[in-house]
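The values are calculated or read from the model by the stated rules, or taken from the named source; none is laboratory data. Keep in mind that what you see is a predicted model, and the values were worked out from it rather than measured. Here the Cβ is made from the backbone with ideal geometry for all residues, glycine too, and neighbour counts use every protein chain on show.
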Amino acid sequence: MKQVTKAAELTAAVEEAKKQGLEIGLVPTMGALHEGHLSLIERALKENDLVVVSLFVNPIQFNNKEDLEKYPRTIDADLKLIESLIARTDCRAKELLAFTPTVEEMYPQGEPKEVYHFGPVEEVMEGPRRPGHFSGVAVVVRRLFDLAQPKRAYFGEKDYQQIAVIRSLLAQIKYPIELVPCPIVRADDGLALSSRNMRLSPAARQMAPAINATLEQAAEMAEYEEVDDVKEWVLDTLASWHEVNDCPDGLCFEPEYFEIVDAITLQPIADWDEAGELGAVGCIAVWLDGVRLIDIVKFQ
Ligand code: PAF
């Protein structure tokens with residue numbers, strides 16, 4: 001593994017790899033790596049000759065200043081995790097470049113002016129609740145595409161809507177990059193791994209798996225219940241969790257939304273038959289202990 005902090009250094013390494021006909025895999029991250037990220041990196045190491053992992057907390061995708069400030073920055077531990085992953089992985093890749101730029105290096109002209117629009121896929125769920133977020137993601141991801149020139153780019157399905165946005169970005173900018181969505185990695189108790197989990201108190205961390213458990217039950221209900229009934233049940237179950245369970249410290253779930261949408265268009269469906277070839281996906285955002293958690297369930 002080699003750590004690279006300068007865009008020019010990354011470009012030089014990429015140009016050299018391209019000359020040799022090597023295939024490059026890109027894993028964009030904001031650091032604070034966990035097993036979920038490592039599963040993307042592992043896959044990239046197995047499918048490419050050179051892997052670029054970016055670790056960059058992208059300020060322009062945060063519409064909440066406090067969220068940006070609280071975002072964990074753990075570069076040294078992250079690099080160690082990548083090293084140990086490489087040591088235990090049967091890699092096709094001969095080299096991994098960990099790209100850790102500063103904000104000034106990434107945006108030398110100051111805050112970028114470019115704005116991306118994605119139409120209906122960004123008009124639902126996270127889009128209206130986090131104005132500017134997906135455009136900020138697109139700006140940094142496009143920069144990373146330009147610098148790393150990957151053949152494949154790896155994204156986790158926990159941020160399900162982000163994948164739809166990147167698919168739309170690729171269609172707009174016409175880059176021949178293969179988008180590789182990777183399944184969510186969960187803790188043994190079912191909680192989707194996320195950098196935000198480390199902000200949960202021990203009591204909240206104990207409660208949090210109820211999100212996935214509720215979604216799993218919803219997937220079973222989908223076999224015999226209507227879409228609206230499943231939606232209502234999920235929201236009610238989580239909102240009233242503290243009334244029927246023993247919840248310490250006055251903790252409770254505050255669901256922000258639960259939508260059942262087509263897996264590709266992300267448009268809400270009213271009937272299971274409205275979902276296309278890839279079926280429907282349930283996407284949820286829930287507050288717990290001041291932390292906003294998201295998760296998904298696939299209805300197939
Ligand atoms: O999913 C993330 O961690 C970020 O949105 C990404 C894709 C690394 C862009 O900053």
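State all residues of the stretch 127-146 that are within 25 Å of residue 9 (Cβ to Cβ) and more than 12 Å from the ligand (Cβ to nearest atom); if no residue qualifies, say none. Explain how you work it out, then say what you get.
Filtering the stretch 127-146 for residues within 25 Å of residue 9 (Cβ to Cβ) gives 136-146.
Hit for the stretch 127-146 is 146, nothing else.
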(1) surrounded by fewer than 21 Cβ atoms within 10 Å (Cβ to Cβ); (2) within 12 Å of the ligand (Cβ to nearest atom); (3) outside any helix (DSSP H, G or I) all hold for residue 63 apart from (2)
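Could you check how many residues of the stretch 22-51 are within 14 Å of the ligand (Cβ to nearest atom), closer than 20 Å to residue 88 by Cβ and not small (Gly, Ala, Ser)?
First, the residues of the stretch 22-51 that are within 14 Å of the ligand (Cβ to nearest atom): 26-34, 36-41, 44.
Pick out the ones that are also closer than 20 Å to residue 88 by Cβ and you get 27, 29, 33-34, 36-41, 44.
Now restrict to residues that are not small (Gly, Ala, Ser): 27, 29, 33-34, 37-38, 40-41.
The number of residues fulfilling the criteria is 8.
Taking strands (runs of 3 or more DSSP E) that do not extend beyond the stretch 194-300, which have at least 3 residues that are of a type in the set (Gly, Ala, Ser)?
On the way: elements: 253-262, 280-288, 291-299.
Hits in the stretch 194-300: 280-288.
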If only one of 81, 68, 10 is over 19 Å from residue 179 (Cα atoms), within 16 Å of the ligand (Cβ to nearest atom), over 23 Å from the mean Cα position of the chain (by Cα) and not polar (S, T, N, Q), which one is it?
10
In the stretch 249-264, is there at least one residue being more than 25 Å from the chain's Cα centre (by Cα) and exposed (fewer than 15 other Cβ atoms within 10 Å of the Cβ)?
yes
Return only the number of the condition from (1) over 20 Å from the mean Cα position of the chain (by Cα); (2) in a strand (DSSP E or B) that residue 179 does not satisfy.
(1)
Pairs only if they're at least six apart or on different chains, beta carbon under 8 angstrom, first in the stretch 9-31 and within 11 Å of residue 48 (Cα to Cα), second of a type in the set (S, T, N, Q) and within 16 Å of the ligand (Cβ to nearest atom); list them, first residue then second.
26/54
Name every residue in the stretch 66-117 that is modelled with pLDDT under 95 and part of a helix (DSSP H, G or I), in order of residue number.
66, 67, 68, 69, 70
Any chance the stretch 36-43 includes a residue that's among the hydroxyl-bearing types (Ser, Thr, Tyr), outside any helix (DSSP H, G or I) and modelled with pLDDT of 95 or more?
no
Being within 13 Å of the ligand (Cβ to nearest atom) and either surrounded by fewer than 22 Cβ atoms within 10 Å (Cβ to Cβ) or without any contact (Cβ under 8 Å) to a residue 12 or more places away in the chain (or both) is the filter here; which residues of the stretch 147-161 pass it?
157, 158, 159
Does any residue in the stretch 75-89 that is within 19 Å of residue 28 (Cα to Cα) come within less than 7 Å, Cβ to Cβ, of a residue that is polar (S, T, N, Q) six or more places away or on a different chain, and which pairs are these?
75/100; 79/3
